[in-house]
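The values are calculated or read from the model by the stated rules, or taken from the named source; none is laboratory data. Nothing here was measured: the structure is a model prediction, and the numbers come from that model. Because the Cβ atoms are built from the backbone with ideal geometry, glycine has one as well, and the counts that use them run over all protein chains shown.
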Amino acid sequence: MEPAFIVVWGAALLAIAILLVVVVVILQRTSRPTALTADEHRGFKPFKHALLFHREDQSVRSTAQGQVIIRIPGDAWDIGWQTDPIRLEVNEEDPGSVDLPPEWRDAKVLTAFTLSGYRMTEMGTDIGIERFAAPIDVILTTAERDQGLRCGTRTDSSWALAPTTTITVDELPGMDLLAERGWVAVSVTRLGRICLIKLPAASSPVARRVMLQVSALD
């Protein structure tokens, strides 16, 4: 019986040793840094931010660093979902991924984002918002305060300049950062891709062509 007892204990200890080795290997693998994305290889680390809105006369929210500010008026809630909170997701994109039209080739893309909105129903189901009942204001900010800042929005086929919206700092309580940064505001009813661009000097041919498009929109 004693030899058998020794064999059983030996097998048990061997199994424990193998199990410990497996655990150590798994921990080493999971502790290794994940592979860098293409954006991270280029030094670009996009952020994702979720903004929560409740229906009120003017509901204003901002991303952590103030790159994107959203204002949703009370009448933007459709009559069928006026009691539902709205979650608006802001996903930053690499400015280098924005394929501007050829006539804008000298314009500089400063920031780019994909915006998406969801109704948060009482049943716990999130429903995507295809269109708001009234325009909401999207403000893109930048450290650059030079002239020539405009917003582009992505249509089904290409990028287009969006008409600017006149907003004063007083209309956005708590958003004093607008006094320290360059910014442009646009009003939209549909969400999607949006970018902040800086047009070249007004004397350049490219700027004249783009500003003709701007005049037609404003």
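Filter the range 113-140 down to residues that are assigned to a loop (DSSP other than H, G, I, E, B) and among the hydrophobic types (A, V, I, L, M, F, W, C) and give me whichever is surrounded by the most Cβ atoms within 10 Å (Cβ to Cβ).
Among those residues, the one meeting the criterion is 129.
Restricting to the range 143-176, name every residue that is assigned to a strand (DSSP E or B) and crowded, with 17+ Cβ neighbours inside 10 Å.
Residues satisfying the conditions are 149, 150, 151, 152, 153, 159, 161.
Residues are listed down the side, and each one gets a yes or a no for (1) surrounded by fewer than 16 Cβ atoms within 10 Å (Cβ to Cβ); (2) modelled with pLDDT of 90 or more; (3) in a strand (DSSP E or B); (4) touching a strand residue (DSSP E or B) at 6+ places or on another chain (Cβ under 8 Å):
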{"residue": "6", "(1), (2), (3), (4)": "yes, no, no, no"}
{"residue": "27", "(1), (2), (3), (4)": "yes, no, no, no"}
{"residue": "36", "(1), (2), (3), (4)": "yes, no, no, no"}
{"residue": "45", "(1), (2), (3), (4)": "yes, no, no, no"}
{"residue": "59", "(1), (2), (3), (4)": "no, no, yes, yes"}
{"residue": "75", "(1), (2), (3), (4)": "yes, yes, no, no"}
{"residue": "111", "(1), (2), (3), (4)": "no, yes, yes, yes"}
